[in-house]
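For reference, the structure is listed below as structure tokens.
Please treat every number below as a calculation from the coordinates, not as lab data. These numbers were taken from a predicted model, which means no experiment stands behind them. Heads up, the Cβs are rebuilt from the backbone with ideal geometry, glycines too, and the neighbour counts pull from every protein chain shown.
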Amino acid sequence: MDRIVVGAHYGLKDWLTQRITGIVMALYTLFMAAALLAGVNGQEGWRALMSHGFVRFFTFLFIISLCWHAWIGVRDIWMDYVKPAGIRLTLHSLTAIALIGYAGWAIQVIWRL
Amino acid sequence: MTTRTLQFKIYRYDPDKDQKPYMQDISVEVDSTDRKLLDALVKLKAVDDAISFRRSCREGVCGSDALNINGKNGLACLTDLNTFPEGKPIVLRPLPGLPVIRDLIVDMTQFFKQYHSIKPYLINNDPPPERERLQSPEDREELNGLYECILCACCSTACPSFWWNPDKFVGPAGLLAAYRFIADTRDQATSERLDNLEDPYRLFRCHTIMNCVDVCPKGLNPTLAIGKIKAMMVKRAI
Amino acid sequence: MNPTVRKFDAVIVGAGGAGLRAAIQLSESGFKTAVITKVFPTRSHTVAAQGGVAASLGNSEEDNWHWHMYDTVKGSDWLGDQDAIEFMCKKANECVIELEHYGMPFDRLDNGRIYQRPFGGHMSNFGEKPVRRSCAAADRTGHAMLHAMYQRNVKANTQFFVEWMALDLVRDAEGEVLGVTAMDMETGEIVVFHAKATIFATGGAGRIYYSSTNAFINTGDGLGIAARAGIPLEDMEFWQFHPTGVAGAGVLITEGVRGEGGILRNAQGERFMERYAPNAKDLASRDVVSRAMTTEINEGRGCGPNKDFVLLDITHLDPATIMKRLPGIREIAIQFAGVDCIKEPIPVVPTCHYQMGGIPTNYNGQVVIPGKRSQNEIVPGFYAAGECACASVHGANRLGTNSLLDLLVFGKSAGETAVETLKLSPKAHKDLPQSEIDRALARVDRLNSQKDGANVHETRLAMQRTMQKHAGVFRFADLLKEGVEKILEVQKDVQRTEIKDKSKVFNTARIEALELDNLIEVAVSTMISAEARKESRGAHVRNDCPDTAECPDGRDDKNWLKHSLWYKEGNRLDYKSVKLTPLTVETIALKKRAY
């Protein structure tokens, strides 16, 4: 049977998520560029910057956005190129685990500062 | 009458005798009355009657003769012979991404299946009135740039998203048609139409690459229509 | 080997306007219907119609079907059957409104109603002044209409056989039609479509001429098939030359351009139509305008280096109007004439456009032929509609926008009649006569095995040049006589055409050769019918029929107010009377035709 089943209903949510997370990442990039221009320098400088609660929160938001954005993008690539369901599920799982791992690790690093 | 010789490189494949497709070098004499690529193709067929391609109206409204011309999709009957650079062969291939039946003729089943999947007909369950359903000129104007589609498939077969998922992504032509009915004030099935498209593949495989806009021989803009569908979905969700 | 037989209640050949309209009727009635078409339905040539469809909706000004009927009878030069014309004009509003309900995107007036524009020959108050009767979707009315009807068929789940070519009719010993044989173009397989109702909607055959507005697919397949099965063809001498085909390219420029205010000018810049039709001017009937243009060119007032075209001028119109009402025309002018019509006039010449004649039918869409009991005996199981049929509503000349109306009204009525007949018909199909199936197979076999034959392309070209020279806008007695001999010579070549490509899969060379078999029947019938008709009427104007008191403008009602019927067998001509009595109103009496 080769019936095409569609209607998973998460298309809009994912599309919106990618746009919103994209905006967060763009704003964070601008913020970092501004920090660089303002002369933030060396480990001391960065550590001082990161000690602000707002900056930590913003960075946290950035990491979550990055991972979520990447999840949708990478998953779409698997969906486009990998057709067998078993392999695709494995790849999805590995991607998700890796991204969660990265996020956890990055957050841990920030909070350690 | 002045004549000149045109060089072609044409994709040839006859499943009856060819193991696999090949590119054939062939040339043809054209004269000053031959203005369009289709005129040259007709001349070619007079020389070699086995060269196969579709054609009908020869004025760009029937959508039969869509080809991949020097790497870009277009209609043979609207492609001016003068636009080709001198001294270089004209490379003709079938539309990319669809199975080839023979030479320049592709199997368009998948393309039409997607068109049919969006319910391409007006849905209005009110009993039809005696006279026409009224529509203001402004509301009618919303359909401009949508209803003119000739289903030539230049757009969908230029779309990488359609290449990867022709069975699941509706493609620019089908989505343009979907919006044509969504935008029609006489149609009552907007919600169902949006439901039908709210899927990671059917609509959202459009990554605004805009090849469709680039190749449309009628100057239509499927990407814009797709954007409007997405905007309606967002509006509906919030 | 015997071909596969597939059984249906009804089979429709052709998926243009008439075929799709009939298909809606049958599919929505639940009958098992097959629609056979050479091209995907939306590629049928109805798609190229531009200007509009006539209906006396009266959305912009007072109008009624009586006026429309008068204009159509007058336009036909009284050769149209008045019962069919009344039927069509009366049904026009209903059919156009139905289309609107199907979703057709008509242009709109400020009050929300369908936009209507003036068109040639459509007048108010029995020929007084032009009236806005043509319902339009910009200058893409045919496209909008064909897509709307295809879409309606998608909704009705109609079964299409796309890229199948009908080969021959299956007719049993009693003359009843039992279906058609057809070839799947993709595989070359031949199948018999066994049906209780066979509806032909195969369109015109403009490709018999060298210069034509018609598509490549307009090869008169239905006419050739019918002629081979012993059905006569009616009024084939009447061919409409559209005044405004793009010079050189032949692509159509709608009469709607003149409806929106366009003017024809000769080399001196003169609006010459004022001399030929002082009242209707550029919006006179098409045959009148085409002859005026040809006269201007013949008398040396043509434009260009060879003085072989005239100009269609809309540079005085507001560019916004052109962009809104004639956007497709501007594209065509740029693409095929190399001019932007906002700034420059378009070079145009009269170009073969429409076949008024065809398979003889009554207004119910049933094919009728002379028999023992009457001139119009019904051929059981056989229907025809649209350009391939001759009801006859267009007589000797068709009015613009009446063709889209014709295919709507008669597509629907053929469908309705078939449905009513099917309801009463027995469950079982009649037996297929083997000889008829063999006939189609033999034709294909002949082509496949032909050696040292004639080249299809060259033979077709010879036919087209013969028709162009010998049966053009004006007809000359000696040229017609010579033309008959020449076209019969060409016919001999058609009987021995040879294709080099003998492959099975999508063999378009074979299709073109089979199409030529059909074209030649149309060409021969045209030439022979034209040579025989010794009068001038509508589109058929002879040099040897002078304007006299008895025969105004050469029209000889005493001897020639009758329909021609051409039979393939022996190239025999027969005639039948014109139906001058309408269904409910009084006869529109004969009078001299002036615009």
| remark: Counted neighbours (other Cβ, 10 Å), sorted fewest up, put C:GLU186, B:GLU130 in the order B:GLU130, C:GLU186
| task | Pick out, in residue order, every one of the GluC sites (Glu not before Pro) in the range B:1-108 that is DSSP loop and has at most 14 other C-beta atoms within 10 Å; say none if there are none. | result | B:GLU86
| request: Tell me the GluC sites (Glu not before Pro) within the range C:50-138 that lie in a loop according to DSSP and have at most 16 other beta-carbon atoms within 10 Å. | output: C:GLU61, C:GLU62, C:GLU128
| remark: Karplus-derived 3J(HN,Hα) from phi for the range C:561-567 (6.51 cos²θ - 1.76 cosθ + 1.60, θ = phi - 60°), whole Hz, x at Gly and Pro, runs 7, 7, 7, 7, 10, 9, 9
| task | Please grab the % of Cα pairs in the range C:290-349 that end up more than 20 Å from each other. | result | 33
| message | I'd like the mean, over residues of C:92-104, of how many other protein chain beta carbons sit within 10 Å of each residue's own Cβ. | response | 4
| query | Counting DSSP beta bridges in chain C, what percent are antiparallel, to the nearest 5? | reply | 65
| Over all Cα pairs of the range B:108-237, how is the pair count split among 10 Å bins, expressed in % and running from 0 up to the last occupied bin? | 13, 45, 32, 9, 1
| query | So which helices of chain A fit the span-like rule, where a helix is a whole DSSP H run, its Cα atoms reach 30 Å or more along the axis, and its mean Kyte-Doolittle is at least 0.0? | reply | A:11-37, A:53-81, A:85-112
| query | What nm distance separates the two modelled labels at C:ALA549 and C:ALA428, each placed 7 Å from Cα along Cα→Cβ? | reply | 6.9
| message | How would A:PHE57, C:PHE193, C:PHE272, C:PHE382 line up from fewest to most surrounding beta-carbon atoms within 10 angstrom? | response | A:PHE57, C:PHE272, C:PHE193, C:PHE382
| note | For the range A:12-112, the Debye formula with one identical point scatterer on each Cα and no solvent gives log10 I(q)/I(0) at q = 0.20, 0.22, 0.24, 0.25 Å⁻¹ as -1.03, -1.15, -1.25, -1.30
| query | When all alpha-carbon pairs of the protein assembly as shown are counted, what percent fall beyond 48 Å? | reply | 27
| note | Using the Cα gyration tensor of the range B:1-84, the equivalent ellipsoid's semi-axes, largest first and to the nearest Å, work out to 21, 16, 12
| task | Step through the residues of the range C:450-467 one at a time and calculate ³J(HN,Hα) from phi using the Karplus curve (6.51 cos²θ - 1.76 cosθ + 1.60, θ = phi - 60°), rounding each to whole Hz and writing x for Gly and Pro. | result | 4, 10, 6, x, 8, 6, 4, 4, 5, 5, 4, 4, 4, 4, 5, 5, 4, 5
| message | Starting from the 7 Å offset along Cα-to-Cβ, what nm value, one decimal, do you get for the label separation of A:SER93 and B:GLN24? | response | 5.3
| note | With only helices counted (DSSP H, runs n ≥ 4, each -39500 (n - 2.57)), the per-residue ellipticity at 222 nm for the protein assembly as shown, to the nearest 500, works out to -12500 deg cm²/dmol
| In percent, what relative contact order does chain C have, based on Cα pairs under 8 Å that are 6 or more apart in sequence? | 21
| task | Please state the charge dipole magnitude for the range B:64-133, taken about the Cα centre, from unit charges on C-beta atoms (+1 on K and R, -1 on D and E), reported in debye and rounded to the nearest 20. | result | 240
| query | So what's the range C:244-351 giving for Cα Rg divided by 2.2 N^0.38 Å, two decimals? | reply | 0.97
| message | I'd like the distance separating the alpha-carbon centroids of the range C:499-515 and the range C:1-41, in whole Å. | response | 24
| field | Inverse of mean 1/r across different Cα pairs in chain C, Kirkwood, Å | value | 23.9
| query | Which values of log₁₀ I(q)/I(0), to two decimal places, follow from the Debye formula for chain B at q = 0.16 Å⁻¹ with a uniform point scatterer at every Cα? | reply | -1.09
| C:THR581-C:GLU94 pseudo-label distance in nm [points 7 Å out on the Cα-to-Cβ vector] | 2.3
| query | Taking H as built 1.01 Å from N, whose amide H comes closer than 5 Å to the amide H of B:ILE101, not counting residues under 5 places away? | reply | B:VAL106, B:ASP107
| If one computes the Cα centroid of the range C:353-427 and of the range C:290-330, what distance in Å separates the two points? | 36
| So which of C:LYS372/C:LYS412; C:LYS196/C:LYS427; C:LYS423/C:LYS579; C:LYS74/C:LYS592; C:LYS32/C:LYS430 end up more than 19 Å apart by C-alpha? | C:LYS372/C:LYS412; C:LYS423/C:LYS579
| field | Lysine pairs within the range B:3-106, Cα separation less than 20 Å, 8 or more sequence positions apart or different chains | value | 13
| field | 16 Å Cα-Cα reach of C:LYS534 towards aspartates and glutamates, excluding residues that sit fewer than 8 places from it in its own chain | value | C:ASP77, C:ASP235, C:GLU237, C:ASP478, C:GLU482, C:ASP544, C:ASP547, C:GLU550, C:ASP553, C:ASP556, C:ASP557, C:ASP574
| query | Is there a simple number for the mean count of other chain Cβ atoms within 10 Å of the Cβ of residues in C:454-464, and what is it? | reply | 1
| said: I'd like the Karplus ³J(HN,Hα) series for the range B:42-50: coefficients 6.51, -1.76, 1.60, θ = phi - 60°, whole numbers in Hz, and an x wherever there's a Gly or Pro. | reply: 5, 4, 4, 5, 5, 7, 10, 6, 8
| Just counting partner chain Cβ atoms within 10 Å, what average do the residues of peptide B:61-68 show around their Cβ? | 6
| Modelled FRET efficiency - R0 41 Å, C:SER374 with C:LYS129, Cβ distances, 0.05 increments | 0.50
| request: Grab the beta carbon distance between C:GLU344 and B:ALA46, set R0 = 35 Å, and tell me the FRET efficiency rounded to 0.05. | output: 0.55
